[in-house]
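A quick write-up on the structure given underneath.
The values are calculated or read from the model by the stated rules, or taken from the named source; none is laboratory data. What you are looking at is a predicted structure, and each value in this text was computed from that prediction instead of being measured. When we count neighbours, we look across all protein chains shown, and the Cβ atoms used for this are built from the backbone with ideal geometry, even at glycine.
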2 protein chains.
Amino acid sequence: MSLINRDTDYAIRALCFMAKNKKKFISAKELVRDLKIPRPFLRKILQTLNKRRVLRSYKGKSGGFVLVQPPKKIFVMDLVRIFQGGVKLRECIFKKKPCPNIRTCLLSRKLKEIEGKVISQLEVISIASLAGEIK
Amino acid sequence: MSLINRDTDYAIRALCFMAKNKKKFISAKELVRDLKIPRPFLRKILQTLNKRRVLRSYKGKSGGFVLVQPPKKIFVMDLVRIFQGGVKLRECIFKKKPCPNIRTCLLSRKLKEIEGKVISQLEVISIASLAGEIK
DNA sequence: AACAAATGATACCATATTAGTATCATTTGT
DNA sequence: ACAAATGATACTAATATGGTATCATTTGTT
């Protein structure tokens, strides 16, 4: 029931590393060395971040990845959306039919409220705030 | 990533039903008929609720289950604890070693905060509040 | 005393999700 | 031309979850 899965987690770490090295291209190799994430796995994540334009990738020798936006403007919630499709704390068990139970729906309503609060909290955690070492 | 799994969900429904029929013993049979939950599955849930003394069971012909406490005093968070072991929105990926990353731990701290808020919200949703039909 | 109707305990299976791996194609600086 | 980088995609393994099946025990009723 983790709010954040491994993809998101690894993405956050990679982005934090990059936030502190903004000057140059960063290759998957460097990230693997620093973050100790399995290489093919990290590459998949970087590719996704590229497609979703959080990063921009450059092929070829001495290629790598660069942040597209400043770390202040990248939020944990963005990554949760990319890698987990958002936060859904309440999937209705009856996916197709309308809920047969009023009670269930009362519960749903309350869970939706909680969900909204969680989302708005994730929307203000920036990569910058996580990357800061001393602060 | 649902906050509530099926066990908890079914338990809530069963308890809501019982909350409205407090007078007599209620058998698994009746609950199955009303709730449309697979029988052996519901029975397992009722057994757990009995062990954790949310219900009390009575064997034998015309036996069944009774609520031990008033519905006002049974909270969704109690059931989440029973069936899901609580709410853990952040399992540290590095279970054994201490986290190698400061950033990860900064994130952990923020997620813990969110988790605490979620828990306190679940702690005030009572079965009574979910069972009420017209209200 | 026997039987039926209820719960108790427990072992099992099937499916979906998740984590992680492997492979080959494409691009590009030197 | 080659090496070093990313792009795309298919596959495998482990774990969690949802659900089923079976047999034992208890107890009211006749």
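What to note about this one:
- Conditions (1) surrounded by fewer than 16 Cβ atoms within 10 Å (Cβ to Cβ); (2) in contact with a strand residue (DSSP E or B) (Cβ under 6 Å, 6 or more places away or on another chain); (3) under 29 Å from residue A:120 (Cα atoms); number of the one not met by residue A:51: (2)
- Odd one out for residue B:81 among (1) more than 12 Å from DNA strand C (Cβ to nearest atom); (2) touching a helix residue (DSSP H, G or I) at 6+ places or on another chain (Cβ under 9 Å); (3) under 19 Å from residue B:126 (Cβ atoms): (2)
- Those residues of the range A:1-32 which are polar (S, T, N, Q), more than 10 Å from DNA strand D (Cβ to nearest atom) and over 21 Å from residue A:121 (Cβ atoms), in sequence order: A:21
- If you go through the range B:1-24 and keep only what is in a loop (DSSP other than H, G, I, E, B) and not β-branched (Val, Ile, Thr), you end up with B:1, B:2, B:3, B:5, B:20, B:21, B:22, B:23, B:24.
- Against the list (1) away from DNA strand D (no atom under 16 Å from the Cβ); (2) surrounded by 15 or more Cβ atoms within 10 Å (Cβ to Cβ); (3) at pLDDT 90 or above, the condition residue B:103 fails is (3).
- Of all the residues in the range B:1-24, those that are of a type in the set (Asp, Glu) and free of Cβ contacts under 8 Å to residues at least 12 places away in the same chain number 1.
- Residue among B:29, B:72 that is away from every other protein chain (no Cβ under 11 Å), at pLDDT 90 or above and within 9 Å of DNA strand C (Cβ to nearest atom): B:29
- Hey, residue A:59 modelled with pLDDT of 90 or more, loosely packed, with under 12 Cβ neighbours inside 10 Å and within 15 Å of DNA strand C (Cβ to nearest atom) or not: yes
- Scanning the range B:25-66 for residues that are part of a loop (DSSP other than H, G, I, E, B) and touching a residue at least 12 places away in the same chain (Cβ under 8 Å) returns B:25, B:27, B:37, B:52, B:53, B:54, B:62, B:63.
- Of everything listed in (1) within 30 Å of residue A:37 (Cα to Cα); (2) more than 7 Å from every other protein chain (Cβ to nearest Cβ); (3) at pLDDT 55 or above, the single unmet condition for residue B:92 is (3).
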